[in-house]
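Read the figures in this text as sums done on the coordinates, not as results from a lab. Everything numeric here is computed off the predicted structure, so don't read it as measured data. Here the Cβ is made from the backbone with ideal geometry for all residues, glycine too, and neighbour counts use every protein chain on show.
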Amino acid sequence: MGFITGESPRFLLLCNYRSRIIPGKTRAQIKQDKIENEVPVLQRGSWAKLLARVFMIDVTRCAQCGGEVKAISVIFERSVTSKILSSIGMSPQPPPQSPARTTIWGW
């Protein structure tokens with residue numbers, strides 16, 4: 001018959017009736033399921049819980065004494081971060097970026 005899929009003509013004719021024989025969810029039901037399955041932002045958890053779950057580390061506990069660790073502040077100013085990093089012996093500048101690799105065609 002020349003069918004690309006190799007299926008019989010009877011199979012191809014019955015495919016149109018599958019939705020009547022085996023009903024699936026309607027678009028309204030699928031939309032309702034998506035609404036019910038959405039997790040509110042408050043239930044997603046904090047970054048500490050996500051780190052603990054993904055990397056199996058607890059950033060809320062001190063690695064040395066096991067005491068509770070809290071974030072005191074978030075620093076965005078470059079001058080403040082460079083002073084802090086310099087005081088603990090680290091370079092405030094990021095490491096240099098490697099040059100891009102050349103192709104075998106020399107582009």
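Details
- Partner lysines for Lys25 [C-alpha distance under 25 Å; skip if fewer than 8 residues away on the same chain]: Lys34
- q = 0.21 Å⁻¹, the range 64-107: log10 I(q)/I(0) [Debye, one scatterer per Cα]: -0.87
- Between Ala28 and Thr102, residue separation times 0.36 nm minus the direct Cα-Cα distance comes to 21.3 nm.
- Proximal lysines relative to Lys49, as straight alpha-carbon distance under 20 Å, when same-chain residues fewer than 8 apart are discounted: Lys70
- Ordering of 67-76, 54-63 by packing [mean C-beta count within 10 Å, highest first]: 54-63, 67-76
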